1. Under 8 Å between Cβ atoms, at least 6 apart or on separate chains: pull out the pairs that start in the stretch 394-407 with a residue that is over 8 Å from Ala374 (Cβ atoms) and end on any residue that is modelled with pLDDT of 80 or more and open to solvent by 90 Å² or more (accessible area, probe 1.4 Å).
2. Please state which of the following conditions Met366 fails to meet, knowing it meets all the rest: (1) loosely packed, with under 14 Cβ neighbours inside 10 Å; (2) modelled with pLDDT under 70; (3) part of a helix (DSSP H, G or I).
3. Collect the residues in the stretch 62-79 that are under 25 Å from Pro150 (Cα atoms) and either over 54 Å from the mean Cα position of the chain (by Cα) or among the aliphatic types (A, V, I, L, M) (or both), keeping them in residue-number order.
4. Among the candidates Ala344, Ala293, which residue alone is at pLDDT 70 or above, farther than 30 Å from Arg396 by Cβ and surrounded by 11 or more Cβ atoms within 10 Å (Cβ to Cβ)?
5. Out of the stretch 173-215, which residues are surrounded by 13 or more Cβ atoms within 10 Å (Cβ to Cβ), small (Gly, Ala, Ser) and not in a strand (DSSP E or B)?
6. Just to be sure, is Ala20 in contact with a Leu (Cβ under 6 Å, 6 or more places away or on another chain), in a helix (DSSP H, G or I) and not β-branched (Val, Ile, Thr)?
7. Given the options Lys140, Lys127, name the one that is more than 56 Å from the chain's Cα centre (by Cα) and touching a residue at least 24 places away in the same chain (Cβ under 8 Å).
8. Quick check on the stretch 325-339. Is at least one of its residues surrounded by 11 or more Cβ atoms within 10 Å (Cβ to Cβ), under 30 Å from Ile198 (Cα atoms) and modelled with pLDDT of 75 or more?
Amino acid sequence: MGNRGDMTLERQLLERERTAELSEYDIVGTPSEREFDDVADIAAHVAKCDMAYISFLDETSLWFKATHGFEAERIPREQTYCQFVVKDERPVVIPDTEREMLYVPTSLEGLGREIRFYVGVPLRSRKGSVLGTLCVVDRKPRKIDDSLVPLLEKLARQISTQLEIRRINRVLMEERDTFSVLFEAAPTPLILAEETSIVRCNYAFADMVTDEDTESLVGLPLEKFLSDVPEGPGMVIEATITNTFGEETPVIATLTRLHRDQRTYELFALTNISDRKEKERMLREQRLAAENANRIKDTFLSLVSHDLRSPLSGISTMLELLDKAGSSFTPEEWKSTIRDLREAAAVLVEMLNQLLNIHRLQSGRMEVQREEVAVYLIAHQVVLSLSKQIKDKDLRVVVQILSLIHI
C-alpha cells in the first residue's frame, strides 16, 4: 500500500473538485451539533469501541465534526488513516495497524496511545464525492464483525442526508436573503399581501404612500392605498394609489401569486404612470385646441368669403353705373363715383391685409398693436361694401355718426 500519498495531475484535479464541493456544505470548522454527535455515539456503541468520530478533510487538514471518547478539533491530513478512505473512495478496515504495510507518521493527536484498530467508511455528497469519514477506532487490535461496515455505511448515509439538508437550507437562506435585498432595493414599488392585508412592502412603496418606514404599513388593508386590484395572476390594470395625505398617484398594477408553506401570497408590482397621464392630458388638450382651431378656421373662411363679396359687389355695381351712365354724369358725380370705387377697393385691400395678418398672428410673426379708429369711417366702409344690396332693394342709408367719435 506504498506511495498512497503520490497524486497524479488527474488526481489533483479531482481533489480540487472534491474540496470545492465540500465548501458548498459550509461544514468545515463548524462547532458540534447534536445530529452529528448522536451518530458518533451510536457508531461507538455498535462497534463496541471506546472512540468514534465524524470528520471532513480539506486540502491540508482533517476536521472533527463530532467525537466520542476524546476531544479534538483538527489534525494534519497526512497523520490520518482517513486520507486513504478519501483517496480510494471506499471503506478502509485495519484490524491491527502494526501488521499492515500502512504507515502514518504519528498517532492521532488527542487520542493518547497509538491507534491499533481502525474502520472508516466514506461520507458522500449528492454527487458521489467523498467529503469525509465516519470512523470507529481503538487502542488495541480487534476482530472485524462482518455486519460492522454495512451498519456504519447506513449511519454514513444518515450523515449525508443531514449534510444535504444543511446544504439545501443554506441555499434557501441565501435565496431568501437575495430575495430580501432585491425586494427592498427594487426601484419598483412592491407589496406582498395575504388576504388583502399587507405582509411586506419595499422602500419604494413606503416612499410613495407615507413618510414612515415599511414596518408601519405591515398589517394594514391593501384597499387603504390601492383603488383596484387585478382579478388574476399576470393581469395588468390601471389603478390609483392614495397616500396617507390623500394625494393620488396613477399606477399600473401587476399581480403575481406565490405559494409557500401551504399559504398563498399576492405580490403586487406598481408602475407610476403620472408622466404618461400628463402627456395624455396634454395631447387631449392639443387635440381639442386643434379641433377648435379648425372650427374657427371654417367659420372665419365662411365669414371672409361673405365679407369679400360685399365690396366686390359694390365695385361691380359702381362700374356698371359708370358704364351705363356714360356722359350723363356730372363731373361731381364722376368724382363721387370714383371716390366710392377707391374706398370700396381700399376696403377690399384692407380685408385682404387683415386676412394675411391673421395668418401671421397664428404663426407668431406679428405683434398686435392697438390704436384708435374713427367710428364714422368704419360705418361708412360697411355701407359702401353693401352698396349693391342697398341699391337692389331700393333703400336709403344715412350714417349719423360724428367723425370725432373714436374707439
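The values are calculated or read from the model by the stated rules, or taken from the named source; none is laboratory data. Predicted model, so just to flag it, every value in this text is computed and none were measured. When we count neighbours, we look across all protein chains shown, and the Cβ atoms used for this are built from the backbone with ideal geometry, even at glycine. Ligands, DNA and RNA are stripped out before the accessible areas are found, and what is left, the full protein with its side chains, is counted by its heavy atoms. Shrake-Rupley method; radii C 1.70, N 1.55, O 1.52, S 1.80 Å.
1. Cβ pairs passing all conditions: Ile407/Glu372.
2. Looking at each condition in turn, Met366 falls short on (3).
3. Restricting attention to the stretch 62-79, the residues satisfying the condition of being under 25 Å from Pro150 (Cα atoms) are 62-70.
Leu62, Ala66, Gly69, Phe70, listed by residue number.
4. Details: Ala344 fails: farther than 30 Å from Arg396 by Cβ.
None of the others qualify; the one that does is Ala293.
5. Answer for the stretch 173-215, where residues must be surrounded by 13 or more Cβ atoms within 10 Å (Cβ to Cβ), small (Gly, Ala, Ser) and not in a strand (DSSP E or B): Ala186, Ala204, Ala206.
6. no
7. Working: Lys127 fails: more than 56 Å from the chain's Cα centre (by Cα).
After applying the criteria, what remains is Lys140.
8. No, there is no match, as no residue in the stretch 325-339 is surrounded by 11 or more Cβ atoms within 10 Å (Cβ to Cβ), under 30 Å from Ile198 (Cα atoms) and modelled with pLDDT of 75 or more.
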